[in-house]
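> One structure follows; several queries about it will come next.
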Amino acid sequence: MKPFAYVKPADVAGAVRAVSDEPGAKFLGGGTNLVDLMREGVERPDTVVDVTGLPLDTVDQLPGGGLRIGAMVRNSSLAADERVRARYPMLSQAILAGASAQLRNMATVGGNLLQRTRCPYFYDPAAACNKREPGGGCDALGGFNRSHAVLGVSGSCIAAHPSDMCVALAALDAVIEVESVRGTRRIPMTGFHRLPGDTPEIETELAPDELVTAVELPPAPFAARSRYRKVRDRASYAFALVSVAAALEVRDGAVTAARLALGGLAAKPWRAHEAERILLGGPASEESFARAAEAELAGADVRPGNAFKVHLARATIVATLRELNTGKGTA
Amino acid sequence: MRVTFTVNGREESADNVWEGESLLYVLRERLGLPGSKNACEQGECGSCMVYLDGVPVCACLVAAGQAEGRQVRTVEGLAEGDRLDAVQEAFAECGAVQCGFCTPGLIVQAHDLIARVERPSDAEIREALAGNLCRCTGYEKILDAVRLAARRKAAT
Amino acid sequence: MTTKYAETEPRQDAVKHVGRPVDRVDGRAKTTGEARYAAEHRYPGMAHAALVHATVARGRIEAVDTEAARAVPGVIEVLTHENAPAMKPAPKTSLMNLSSLASGTTVSYLATDEVHWNGQPVAVVVAETPETARHAASLVRVAYRELPAVVDFAAEEPNASPQKSSVLQPAGGDKGDAVAALAAAPVSVDLRFTTPPEHHNAMEPHATIAVWDGDRLTVHEGTQNIAWLRAHLAQRFGIPERAVRVLSPYVGGGFGGKGFVWAGTLLAVLAARATARPVRLALTREGVYRTVGGRTPTVQRVALGADGDGDLTALIHTSVAMTARIGGMPEGVVSSSRHLYDAATIHLRQRLVRLDLLANTAMRAPGDSVGSFALESAMDELACELGIDPIELRRRNEPERNPMDGKRFTHRMLREAYEVGAERFGWRERDPRPGSMRDGRWLVGMGVATAYHPSLTMPADVTVRLAADGAVVVRCALQEIGVGAATVQAQITADELGVPLEAVRVEIGDSELPAGPGAGGSAQTAGAAAGVLDACRKLKESALALARRAPDSPLRGRRLDDLEARDGGLYHGGRGETYAAILARAGRDHLEAGGGTGMLKFLAKTLNERRRWVKAASGAHFCEVRVDRDTGEVRVSRWLGMFDVGRVINAKTAAGQLRGGIVMGIGMALTEATQVDPRTGRIMNPSLSEYHVPVHADIPRIDVHWLDEPDPTMPLGLLGIGEVGITGVAAAVANAVRHATGKRVLDLPITLDKLL
């Protein structure tokens, strides 16, 4: 690990000031991803600004029924929050589907938003990676890419975003609040992460000196009936090959509200707007679910290693919607 | 830097700690507490687990500075004098220990589980321990040990 | 037919210890954190080493820039091929000197500018702290002139050449004309299987502490073979064996990965010599992947021909596996096919490709674990073709004698294992039609497969000392890799001498002790037991000799064979006396005896036995899986293994070995694969995050049982138990998946994309 300076500010103002002075500075939350990447030599900050001491660790009620989640709330606390479990079950399920119990105890909500890809070529400084070294090339294109993205990919990067929590946040239209010396701004979750294009090294809309301070969940009554389904290589403790965060409201056989976001398929949590459009107002039927899934996946750009993901995503979307519709098959 | 925190009830300090050292490193290399194991340094195996302010974490991912002023409890701090904790006893008794390298981390995680959940179901145990890899035992006897420890703890 | 015993039902008399589920003697040390593993020892002035790994598969080092690394405060030395002290080359291998087999690779590290694999250590940084060493290692810049490298196993398959046979391991063989018989068979299957490279992933990464004192060397390392490690270090560093001490009281898992000597060990010793400091080199998890070999990938063909009744008329099993240009262990991939089925004709061949990769090495049941996947999958497919129950097909083809050569089995109870196992598992409830059993969204399948692993012993020297106060000390340089080595030998000793278990202490893990067998080939327990039995007998003879000298001894005139060792002494019926009384009368404070056979006698006996007999541990696996009908996710939901492993010494530790083998087999079946990039030869998942070993949530209840019938030719009748558990497991899973889905997966691991 490259030597660095460690500072631990006590308030948000101190934290954002600490990075504004220091272009090579990084915020440190639970450390579950950043510390690992620093040890691998992938992240090489000069200064680490530990933000775990900031008073951003509560989940608060918002007027109108939403929730405001402090960026330093630990993943396990958020998943266990009774309000989250009752109103946004897909979010609780998504968090619990991620990592392991001990990592969830450590990981913060803010840190989870900024998780970096698990692409093996990104992790190995001996490999070519445009994300790690812009312009260096991409070894994943012709290498091991079974876990890689099929939506929104570019010729420079096919890495997938690894977070489960973010998929649920995308489906729930969460808003990210960020702060810097320039002040506070709000970024919609669906626009927070970027697709790779020619600049895969830039992963979010966050400026280097901006700190995530909170995530706001708008009220979403339909989300009380929602589900996060994760498909992976082990029964627990593995990144998603495909995941689906879905909410469905059906009246008289017709879909009156639908939310769908996909994980494991893109460089960002993928909000399935096209599928939602097809579902909305249509019949709550197997055929309609399949049509919606196919429309969303029509633009998939696959490689031999990850071509199965299109089929898998379709099957998982349909199964999850079916389950929400019938209330069966959760076992 | 100097880092001071409480380990197993005793205040300990380490001087000249380099910022990049982990809590695991400080415990093992500076404080002479190698019970917490170093097996992956990525938070992937659970062998290094300790309590940090009462919450089980992977010590390999905690930067040393983050432990400043906090309470750490390691596998060395679970027994009371000569009397083993119920989880330690049950692990040895049930055949849940083989090579022993994953054992300290598993014991900390299991200790926390039965402190939170009086009688965890098998599914709860399997999921709670999913972040603690064991390559020897085949897991079954670990499950037995957690059940036994929970039963004994509930009975006392 | 014998009575069946589960792991919790001791067969033995209550006063005996053998057979009982005795708690392991190191349980307390391991649950409290007191047990000290190799990296956890401290020496004044100890320095720390870190490796720099090559990033090309083959080439010459053109330049090494160590300036930035040397500039890091705390760096003591940076060793490269330009400045490192020399090491002697790896020894030529010879069966007359088994420790010559210990070389992981033949590379002379830091003595050459040649790079032989992607990951080879090309420099070592020694620093005051491990963090400093690791950081400085990341600053070493190496320029290579790349050479063409052959790293793609799949592409090289057509270029494989025949594997050589050895005394211990025939590489092929024929019985009749299997090719013609297959062509003529009314029913046949002909399948091509692949298995990927795998890694042991013992939880303890390899670590070495090397301390030189003049020309004497002390090494702390978790090893599976203390004697080989000691001999190898003596040879490589040009000192006598007696000048090397290896300390290895606790080993954090091995599975074959710590059986040989790899770069980290040699470089720690080299660095200690170069810096005149005690040096610790603890590999990172990635470092283990880059410098310690794993299981070979294989491509296999199994073709079976049968008549309409299911009698095998042809069995063809051929394989291609790898070794490296710089060493590696040719595996007996088709070995199971020599022993399992009474086919009228058999054709076996093994071929090898040699690659520019790190040498492969033994991993739990080398050969048999991968070979049994292919053979036992093919048998299941043949049963499907024939419309016969797969257990019935195996029963019909169960041989009376070894199929290839007609040798006798010392012991064989596969029929019983299947019969009892089927009953307990509820095999009868299986509807044979694929896809016919469902539970909600899950397709349910049941499969079986045979486990088979040859049994052997290795020689051990053992001393047993009995003191006047009743304390017994057994000494043998065994390796405790998790099997309960000290515990089971204490049980045996307690029974043989008739003393309480608590009175026996077993000293292991130190090369100063009498030489033990390695912990490999499932051979340690039996080998050590033979030495313990011999030493105990000699000790009792000495006690009896002492007693007989006394006119008033009740043992006067007795022969040892007439006596029973119990209650701390020797007795004939109700008459006898304690060892304490014998020693007190003779004015002695202890008795000591040594046991064991010499290597030459051992080899002669082994070869003689092999000419006459075939012996093995075996068993029947029963597996139930659930496959998600939408996503293809596979979950193992039930398991039962019914084993024939001879006599079981400790029901608790034995069950752990069998169960651990099964779980490693489930990993092999469903998730495990080392990803070697075919363009660069570089391992791309060198971590526990991307190499998926099974986690707790993947594993259901696993029942293991054994038939508990002693083998007539083995010490105490025990057959090795460490490896048989994994054999056949992947096939049982694949067969259950076939039953659940109708799909036959031929390529491991069975990931969901293969079922969509």
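Since every read-out is calculated from the coordinates, none of them should be taken as a lab result. Not measured: the values here are computed from a predicted model. Here Cβ is always computed from backbone atoms with ideal geometry, including for glycine, and neighbour counts include all displayed protein chains.
> Taking every residue in B:19-30, how many Cβ atoms of other protein chains lie within 10 Å of its Cβ, on average?
On the way: counts 9, 13, 4, 5, 1, 0, 3, 0, 0, 2, 7, 1.
That works out to 4 on average.
> Amide H to amide H, which residues 5 or more places from C:ALA451 or on other chains are under 5 Å from it, using H placed in the peptide plane?
Those lying under 5 Å, H to H, from C:ALA451 are C:GLY619, C:ALA620, C:HIS621.
> Here is a further query. Taking 29 Å as the cut-off for C-alpha to C-alpha distance, list the pairs among C:LYS175/C:LYS258; C:LYS30/C:LYS754; C:LYS615/C:LYS743; B:LYS153/C:LYS30; C:LYS30/C:LYS88; C:LYS92/C:LYS258 that go past it.
Values: C:LYS175/C:LYS258 37 Å; C:LYS30/C:LYS754 41 Å; C:LYS615/C:LYS743 35 Å; B:LYS153/C:LYS30 21 Å; C:LYS30/C:LYS88 38 Å; C:LYS92/C:LYS258 20 Å.
C:LYS175/C:LYS258; C:LYS30/C:LYS754; C:LYS615/C:LYS743; C:LYS30/C:LYS88, as the Cα separations exceed 29 Å there.
> Then there's this: Rank-order C:24-35, C:41-52, C:387-398 by packing density, defined as the average count of other C-beta atoms within 10 Å over each peptide's residues, highest first. Walk me through the numbers before you get to the answer.
Details: C:24-35: 22.8, C:41-52: 19.8, C:387-398: 18.1.
My ranking of the peptides, most packed first, is C:24-35, C:41-52, C:387-398.
> Averaged across A:93-101, how many Cβ atoms of other chains sit within 10 Å of each residue's Cβ atom? Show your work: numbers first, answer last.
Values: counts 0, 0, 0, 1, 0, 0, 5, 16, 12.
Counting Cβ atoms of other protein chains within 10 Å of each residue's Cβ and averaging gives 4.
> Using only Cα atoms, locate the centre of the range C:486-500 and the centre of the range C:539-578, then give the distance between them in Å, rounded to an integer.
19 Å
> Same structure, new question: First measure r as the distance between the Cβ atoms of A:ALA207 and B:ASP82, then evaluate 1/(1 + (r/R0)^6) with R0 = 56 Å and state the FRET efficiency to the nearest 0.05.
For A:ALA207 and B:ASP82, the calculated efficiency is 0.45.
> Turning to a different aspect of this structure: Tell me the label-point distance for the pair C:LEU603, C:ARG395, using the 7 Å Cα-to-Cβ offset, in nm and rounded to one decimal.
Each label point is offset 7 Å from its Cα along the Cβ direction, giving 4.6 nm.
> Hey, got the average number of other protein chain Cβ atoms within 10 angstrom for residues in B:59-67? If you can, show how the numbers build up before the last one.
Numbers: counts 1, 4, 12, 6, 11, 1, 6, 11, 0.
Counting Cβ atoms of other protein chains within 10 Å of each residue's Cβ and averaging gives 6.
> So what are the ³J(HN,Hα) numbers for the range C:351-358, from phi and the Karplus equation (6.51, -1.76, 1.60; θ = phi - 60°), rounded to whole Hz, Gly and Pro as x?
10, 9, 10, 10, 10, 8, 10, 4
> Over what distance in Å are the Cα centres of the range C:243-259 and the range B:1-26 separated?
So the two Cα centres are separated by 31 Å.
> Expressed in nm to one decimal, what extension gain is obtained for the pair C:ASN97 and C:ASP747 from 0.36 nm per residue of sequence separation less their Cα-Cα distance?
Details: separation 650, 0.36 × 650 = 234.00 nm, distance 3.84 nm.
Full extension of this stretch gives 230.2 nm more.
> For the protein assembly as shown, what is the mean residue ellipticity at 222 nm derived from helices alone (per DSSP H run of n ≥ 4: -39500 (n - 2.57); sum divided by total residues; nearest 500 deg cm²/dmol)?
Numbers: 33 runs with 335 residues, N = 1243.
Mean residue ellipticity at 222 nm (helix-derived): -8000 deg cm²/dmol.
> If I take every Cα pair under 8 Å that is 6 or more residues apart in chain C, average their sequence separation and divide by the length, what percent do I get for the relative contact order? Could the numbers behind the result be given before it?
On the way: 1967 pairs, mean separation 126.3, N = 756.
For chain C, the relative contact order is 17 percent.
> Contact order normalised by length for the range A:5-52, with contacts defined as Cα pairs under 8 Å and 6 or more residues apart; what percent is it? Working shown, then result.
On the way: 60 pairs, mean separation 25.7, N = 48.
In percent, rounded to a whole number, it is 54.
> Continuing with the same structure: What Kirkwood hydrodynamic radius do you get for chain A when you take the inverse of the mean 1/r over all pairs of distinct Cα atoms, in Å?
About 20.2 Å for chain A.
> What share of the DSSP beta bridges in the range C:458-603 is antiparallel, in percent to the nearest 5?
Details: 17 of 22 bridges.
That works out to approximately 75 percent antiparallel.
> Let me ask another. Please report the spacing between the Cα centers of the range A:217-260 and the range B:109-152 in Å, no decimals.
The distance from the Cα centre of the range A:217-260 to that of the range B:109-152 comes to 29 Å.
> Sequence gap at least 6, Cα distance under 8 Å: using those rules, report the relative contact order of chain A to the nearest whole percent.
Values: 757 pairs, mean separation 55.2, N = 331.
Over chain A, the number comes to 17 percent.
> Another question about this same structure. Could you give the nm distance between label points at B:ASP15 and C:GLU241, where each point is 7 Å from its Cα heading toward the beta carbon?
4.9 nm
> Using a Gaussian network for chain A with springs between C-alpha atoms less than 10 Å apart, which of these wobbles most: A:ASP209, A:ASP57, A:ASP11?
Comparing A:ASP209, A:ASP57, A:ASP11 in a Gaussian network model of chain A, the most mobile one is A:ASP11.
> Between A:ALA298 and B:ALA154, with labels modelled 7 Å along Cα→Cβ, what's the label distance in nm to one decimal, could you check?
Label at A:ALA298, label at B:ALA154, 5.6 nm between them.
> May I pose another question? If amide hydrogens are placed 1.01 Å from N in the peptide plane, which non-local residues have theirs closer than 5 Å to the one on A:TYR6?
When sequence neighbours closer than 5 places are left aside, the close amide H contacts are A:VAL48.
> For C:ARG505 and C:ARG575 in the same chain, what is the full-extension length gain: residue separation times 0.36 nm, less their Cα-Cα distance, in nm?
Numbers: separation 70, 0.36 × 70 = 25.20 nm, distance 2.79 nm.
Stretched out fully, the C:ARG505 to C:ARG575 stretch lengthens by 22.4 nm.
> Can I ask one more? Tabulate in residue order the Karplus-calculated ³J(HN,Hα) for the range C:658-665, using 6.51 cos²θ - 1.76 cosθ + 1.60 with θ = phi - 60°, rounded to whole Hz; enter x for Gly and Pro.
Along the range C:658-665, the couplings run 5, 5, x, x, 4, 5, 5, x Hz.
> Run through the DSSP bridge list for chain C and note the antiparallel percent, rounded to the nearest 5.
Details: 102 of 132 bridges.
Once the DSSP bridges in chain C are tallied, antiparallel ones form about 75 percent.
> Just the number, please: Stokes-Einstein D of the protein assembly as shown in µm²/s, Kirkwood Rh from C-alpha pairs, 20 °C, 1.002 mPa s. Present the calculation step by step, with values, prior to reporting the outcome.
Working: Rh = 31.8 Å.
Estimated diffusion coefficient is 67 µm²/s.
> When a/c is below 1.5 the answer is rounded, else prolate if a/b is larger than b/c, else oblate, so apply that to chain C with a ≥ b ≥ c taken from the square roots of the Cα gyration tensor eigenvalues. Walk me through the numbers before you get to the answer.
Working: a/c = 1.80, a/b = 1.03, b/c = 1.75.
Oblate, since a/c reaches 1.5 and b/c is not below a/b.
> Short version: ³J(HN,Hα) in whole Hz for each residue of the range C:567-583, in order, from phi by Karplus 6.51 cos²θ - 1.76 cosθ + 1.60 (θ = phi - 60°), x for Gly and Pro, what are they?
6, x, x, 10, 9, 10, x, x, 9, x, 8, 7, 4, 4, 5, 4, 5
> If you don't mind, another one. Rank by packing, highest mean first: peptides B:82-90, C:201-209, with packing defined as the count of other Cβ atoms within 10 Å averaged across residues. Mind showing how you got there, number by number?
On the way: B:82-90: 19.8, C:201-209: 27.2.
Most protected by this proxy first, the peptides run C:201-209, B:82-90.
> Quick one: net charge of A:ALA174's neighbours, Cβ under 12 Å, K/R +1, D/E -1? Don't skip to the end; give the middle numbers.
On the way: positive: A:ARG68, A:ARG186, A:ARG259, A:ARG271; negative: A:ASP173, A:GLU177, A:GLU216.
That sum, taken over residues with Cβ under 12 Å, equals +1.
> Still on this structure, please answer the following. Looking at the range B:1-145, what % of the alpha carbon pairs are farther apart than 18 Å? Present the calculation step by step, with values, prior to reporting the outcome.
On the way: 5586 of 10440 pairs.
For the range B:1-145, the fraction of Cα-Cα distances above 18 Å is 54 percent.
> At a 10 angstrom cut-off on C-beta neighbours, averaged per residue, how do the peptides C:322-330, C:233-241 rank from highest to lowest?
On the way: C:322-330: 21.6, C:233-241: 17.7.
Top of the packing list down: C:322-330, C:233-241.
> Further question on the same structure: Gain in length, C:ALA586 to C:ASP552, computed as 0.36 nm per residue apart minus the alpha-carbon separation, to one decimal in nm?
Details: separation 34, 0.36 × 34 = 12.24 nm, distance 1.22 nm.
That works out to 11.0 nm of additional length.
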